[in-house]
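Engineer: Let me give you the structure first, and then I'll get to my questions.
The values are calculated or read from the model by the stated rules, or taken from the named source; none is laboratory data. Predicted model only: the values in this text are computed from it and were never measured. With ideal geometry, Cβ positions are generated from the backbone for all residues, glycine too; neighbour counts draw on all protein chains shown.
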Amino acid sequence: MSTYESTHETEEMEKVEKQTPKSRGEGAPSTSSKNPSKRAWHRVPEGAHEWVSFPDPDYERTWLFDITFLESRWTCIYGRGCQGVLTGPAPELVQGCCSYGAHFTGAKDARRVQAAAATLTPEQWQFYKRARTKGGRRPSVITRTRSGDLTTRLVHDACIFLNRPGFPGGPGCALHRAALDRGIPHLQLKPDVCWQLPLRRDDEVGDGGHVTSVVRQWDRRDWDKGGEEFHWWCTESPDAFVGTRPVYKELEDELVAMVGKKIYKRLVSYLTARAQTVTDDGQAAATRLQLAHSRRPPEGSNTVPVALPHPAVRGR
């Protein structure tokens, strides 16, 4: 991620509405609690997420979405508090998650990025000259690891496309900078893993050929063993949950590219209806929480709980 990706100002997370109940007989929480919603959520298992699934209307596929993350206010804070993915905090390096280069999803992904690199200018790319080998027609930006994976080259211990502090154009991804200059979506130029983060799609094929596609947040474990060494990872830190819009709106282009327009619209329809159900009854969020966890809610009461806060901010 880069500073060029941050297009919205940060603000505090919306606070849960609090309301003093008229009487204890309504099943409302005690007024002595300063944060009733926090008290109710302590019963939720650590790391719990809510999910929604629905069938694909056109294929033998079931979609499963992590709505706790998609409804959260996560936003990229590259250059604004991001500590990077090294073994210790290194915000001064402004490397974000680019320290180890990008792993391509396949040869097609690599070819697309190599072609995009050939269109970059020295004003957009700090390592423009470094990427050009003698006699080479195209910039050398791809390498193959010992395990056979295709990745971007590293220069000074970070991705060759990462402009560093001190570069006249500012730090950040050269490919992303070029996309902004041309007025096109950055996902047209960047490696797949780079524009997808912090989203991830996993496809599981059953014995009968039915596919289950899971769309969720990118977790530390998705970096294999190396992820355990990260000092910091953004989907775990409350510092990154300061956006002004929910993830499913903020990352609309990325989600559409991952699941298609039709499925994205179905997802948004569900989330919109869900939000309407949660807020329309007029009860305080704290009251609904207690009703949702009550063994015997009062007859006729609305027992629809508020959306589960993301684990990164649940303790606030």
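Engineer: Filter region 142-190 down to the residues that are out of contact with any strand residue (DSSP E or B) (no Cβ under 9 Å at 6 or more places or on another chain) and among the acidic types (Asp, Glu), then identify the one that is surrounded by the most Cβ atoms within 10 Å (Cβ to Cβ).
Structural biologist: Ranking the candidates gives 181 first.
Engineer: Can you tell me which residue among 239, 253, 222 is without any contact (Cβ under 8 Å) to a residue 24 or more places away in the chain and within 15 Å of the chain's Cα centre (by Cα)?
Structural biologist: Sole residue among the options that is without any contact (Cβ under 8 Å) to a residue 24 or more places away in the chain and within 15 Å of the chain's Cα centre (by Cα): 222.
Engineer: Can you pull out every residue in region 116-156 that is in contact with a helix residue (DSSP H, G or I) (Cβ under 6 Å, 6 or more places away or on another chain), part of a loop (DSSP other than H, G, I, E, B) and of a type in the set (A, V, I, L, M)?
Structural biologist: 120, 141
Engineer: Would you pick out the residues in region 252-262 that are in contact with a Phe, Trp or Tyr (Cβ under 9 Å, 6 or more places away or on another chain) and of a type outside the set (D, E, K, R)?
Structural biologist: 255, 256, 257, 258, 259
Engineer: Is region 157-168 home to any residue that is under 30 Å from residue 58 (Cβ atoms), assigned to a loop (DSSP other than H, G, I, E, B), among the aromatic types (Phe, Trp, Tyr) and free of Cβ contacts under 8 Å to residues at least 60 places away in the same chain?
Structural biologist: Within region 157-168 (the criterion being under 30 Å from residue 58 (Cβ atoms), assigned to a loop (DSSP other than H, G, I, E, B), among the aromatic types (Phe, Trp, Tyr) and free of Cβ contacts under 8 Å to residues at least 60 places away in the same chain), the answer is no, since none of the residues qualifies.
Engineer: What pairs can you find where one residue is in region 118-146 and more than 19 Å from residue 165 (Cβ to Cβ), the other is assigned to a loop (DSSP other than H, G, I, E, B) and among the β-branched types (Val, Ile, Thr), and their Cβ atoms are less than 8 Å apart, with a gap of 6+ or different chains?
Structural biologist: 131/141; 131/160; 140/133; 141/160
Engineer: Within region 272-302, track down each residue that is assigned to a helix (DSSP H, G or I) and either at pLDDT below 50 or crowded, with 19+ Cβ neighbours inside 10 Å (or both).
Structural biologist: 285, 286, 287, 288, 289, 290, 291, 292, 293
One line per residue, one yes/no per condition, for (1) assigned to a loop (DSSP other than H, G, I, E, B); (2) touching a residue at least 60 places away in the same chain (Cβ under 8 Å):
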position: 76; (1), (2): yes, yes
position: 84; (1), (2): yes, yes
position: 87; (1), (2): yes, yes
position: 92; (1), (2): no, yes
position: 105; (1), (2): yes, yes
position: 114; (1), (2): no, no
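Engineer: Separate question: In this structure, is residue 200 of a type in the set (Lys, Arg), assigned to a strand (DSSP E or B), on the phi < 0 side of the Ramachandran plot and without any contact (Cβ under 8 Å) to a residue 24 or more places away in the chain?
Structural biologist: So residue 200 passes the test.
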